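Below is one structure, written out as structure tokens; the observations come after it.
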């Protein structure tokens, strides 16, 4: 008969594995439900995430931070509008080692899997088992969320995100670049370490154009990108397949109930233009672990009142970022000249704003939050 579990985590992605490792440090017996391994020959994951300093600190404490080749520090950001608007950020101006780190998905998952393998308190499962607490980390398409009767309120954007890897003629210089043009958002994120000359593309395009761009021959796709990016990193050459997914803003109406709780994309989705989606999910994992660690000795792990402490604390941050990214998406999606003048005027003003710009940068870097800094070893 298998040993009883304290916590069963459904979903072994980045958030699920991180949470399992955090809970295991409290000597909780954790079951981690992992989906079947994809068949041989499946397409590699071309996504990359921008992780802030707080997320990096958390993963370092868990000994799950990837090596330098797969976690590239961003020293500067260059954001350009469609009519001369521009905002620039510099880590040196913030006395910080980096504004963010661009982390490749597969190496990060591999490091987390290795840490899980050496953690005796975590048992990897092929199917869920009963536990005092079930944590749902299955992502935006979670089936378990529906089993608990949760309403997942989705607002779909008329956009899809196209992701790919590209080689650059020039070194990226540890600069993350972003262009807002004709309702699209194009980002080139530096990869391959400090001296690298490859980038991760995240191109949020209007829905009618997505299929066309995905079907283009590589040379034509590269040419379309070159028009947007100019000579920023020289000639761009595709080095991977292209992947795409629909964009949405979503929020679960309830994050917890007796014996269960949601975390990560199963609880919330935001537009990727601010690059904060995984940071939100890791903050969920860190705070949930902290709430469980600090519970009263007589309170059960699945106590709804306990879990609502986590829900209340996290919902505010998620709602604020969700509405901010939604507002930016709506503003840059408007083709009218008046909106173009407004947004580009706003970008130029923000770039010169001093304290406001400094505050915004510190927020994005995670410096204003201590959610990921529980103080535990």
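The values are calculated or read from the model by the stated rules, or taken from the named source; none is laboratory data. Everything numeric in this text was worked out from a predicted model, so none of it was measured. Positions of Cβ are backbone-derived with ideal geometry, glycine not excepted, and every protein chain shown enters the neighbour counts.
Can you find a residue that is touching a residue at least 12 places away in the same chain (Cβ under 8 Å), in contact with a helix residue (DSSP H, G or I) (Cβ under 6 Å, 6 or more places away or on another chain) and more than 27 Å from residue 172 (Cα to Cα) anywhere in region 232-240?
The initial filter retains those residues of region 232-240 that are touching a residue at least 12 places away in the same chain (Cβ under 8 Å), namely 232-240.
In the following step, the residues that additionally are in contact with a helix residue (DSSP H, G or I) (Cβ under 6 Å, 6 or more places away or on another chain) were identified as 236, 238.
Among the residues that remain, those that are also more than 27 Å from residue 172 (Cα to Cα) are: none.
Checking region 232-240: not a single residue is touching a residue at least 12 places away in the same chain (Cβ under 8 Å), in contact with a helix residue (DSSP H, G or I) (Cβ under 6 Å, 6 or more places away or on another chain) and more than 27 Å from residue 172 (Cα to Cα).
Is it fair to say residue 37 is modelled with pLDDT under 90 and either surrounded by 19 or more Cβ atoms within 10 Å (Cβ to Cβ) or farther than 28 Å from residue 193 by Cα (or both)?
On the way: modelled with pLDDT under 90: yes; either surrounded by 19 or more Cβ atoms within 10 Å (Cβ to Cβ) or farther than 28 Å from residue 193 by Cα (or both): yes.
It is true that residue 37 is modelled with pLDDT under 90 and either surrounded by 19 or more Cβ atoms within 10 Å (Cβ to Cβ) or farther than 28 Å from residue 193 by Cα (or both).
What are the residues in region 111-142 that are on the phi > 0 side of the Ramachandran plot and not in a loop (DSSP other than H, G, I, E, B), if any?
Within region 111-142, the first condition is being on the phi > 0 side of the Ramachandran plot, and the residues that meet it are 139.
Hits for region 111-142: nothing passes.
Going by the structure shown, is residue 108 crowded, with 20+ Cβ neighbours inside 10 Å and either part of a strand (DSSP E or B) or in contact with a strand residue (DSSP E or B) (Cβ under 8 Å, 6 or more places away or on another chain) (or both)?
Working: crowded, with 20+ Cβ neighbours inside 10 Å: yes; either part of a strand (DSSP E or B) or in contact with a strand residue (DSSP E or B) (Cβ under 8 Å, 6 or more places away or on another chain) (or both): yes.
Yes.
Please state which one of 201, 247 is more than 30 Å from residue 151 (Cα to Cα) and in contact with a strand residue (DSSP E or B) (Cβ under 8 Å, 6 or more places away or on another chain). Reasoning before the result, please.
Numbers: 247 fails: more than 30 Å from residue 151 (Cα to Cα).
None of the others qualify; the one that does is 201.
This table checks each residue for (1) touching a helix residue (DSSP H, G or I) at 6+ places or on another chain (Cβ under 8 Å); (2) more than 18 Å from residue 99 (Cα to Cα); (3) at pLDDT 95 or above; (4) surrounded by fewer than 18 Cβ atoms within 10 Å (Cβ to Cβ).
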residue: 158; (1), (2), (3), (4): yes, yes, no, yes
residue: 165; (1), (2), (3), (4): no, yes, yes, no
residue: 174; (1), (2), (3), (4): no, no, yes, no
residue: 183; (1), (2), (3), (4): yes, yes, no, yes
residue: 186; (1), (2), (3), (4): yes, yes, no, no
residue: 194; (1), (2), (3), (4): yes, no, no, yes
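So which residues in region 197-210 are over 18 Å from residue 46 (Cα atoms) and either in a helix (DSSP H, G or I) or at pLDDT 95 or above (or both)? First the steps, then the outcome.
Initial filter on region 197-210 (over 18 Å from residue 46 (Cα atoms)): 206-209.
Result: 207, 208, 209.
Among the residues that make up region 84-93, is at least one of them touching a strand residue (DSSP E or B) at 6+ places or on another chain (Cβ under 7 Å), crowded, with 22+ Cβ neighbours inside 10 Å and within 24 Å of residue 231 (Cα to Cα)?
yes
If the Cβ limit is 9 Å and pairs must be 6+ apart or interchain, which residue in region 209-231 that is over 14 Å from residue 243 (Cβ atoms) pairs with which residue that is exposed (fewer than 12 other Cβ atoms within 10 Å of the Cβ) and modelled with pLDDT of 95 or more?
As it stands, the answer is 231/169; 231/170, since those pairs meet every condition given.
Identify all residues within region 253-268 that are in a strand (DSSP E or B) and either closer than 30 Å to residue 222 by Cα or at pLDDT 95 or above (or both); write none if there are none.
256, 257, 260, 261, 262
Do we have any residue at all in region 15-24 that's outside any helix (DSSP H, G or I) and either touching a residue at least 12 places away in the same chain (Cβ under 8 Å) or in contact with a helix residue (DSSP H, G or I) (Cβ under 9 Å, 6 or more places away or on another chain) (or both)? Let's see the steps before the verdict.
Initially, region 15-24 is screened for residues outside any helix (DSSP H, G or I), giving none.
No.
Only one of 292, 280 is more than 21 Å from residue 79 (Cα to Cα), at pLDDT 95 or above and assigned to a helix (DSSP H, G or I). Can you tell me which?
Numbers: 280 fails: at pLDDT 95 or above.
Matching residue, one of 292, 280: 292.
Kindly provide the set of residues from region 260-302 that are out of contact with any helix residue (DSSP H, G or I) (no Cβ under 6 Å at 6 or more places or on another chain) and without any contact (Cβ under 8 Å) to a residue 40 or more places away in the chain, ordered by number.
Listed by number, the residues that qualify are 294, 296, 297, 298.
Of (1) assigned to a helix (DSSP H, G or I); (2) closer than 27 Å to residue 183 by Cα, residue 285 satisfies all except one. Which?
Status for residue 285: all satisfied but (2).
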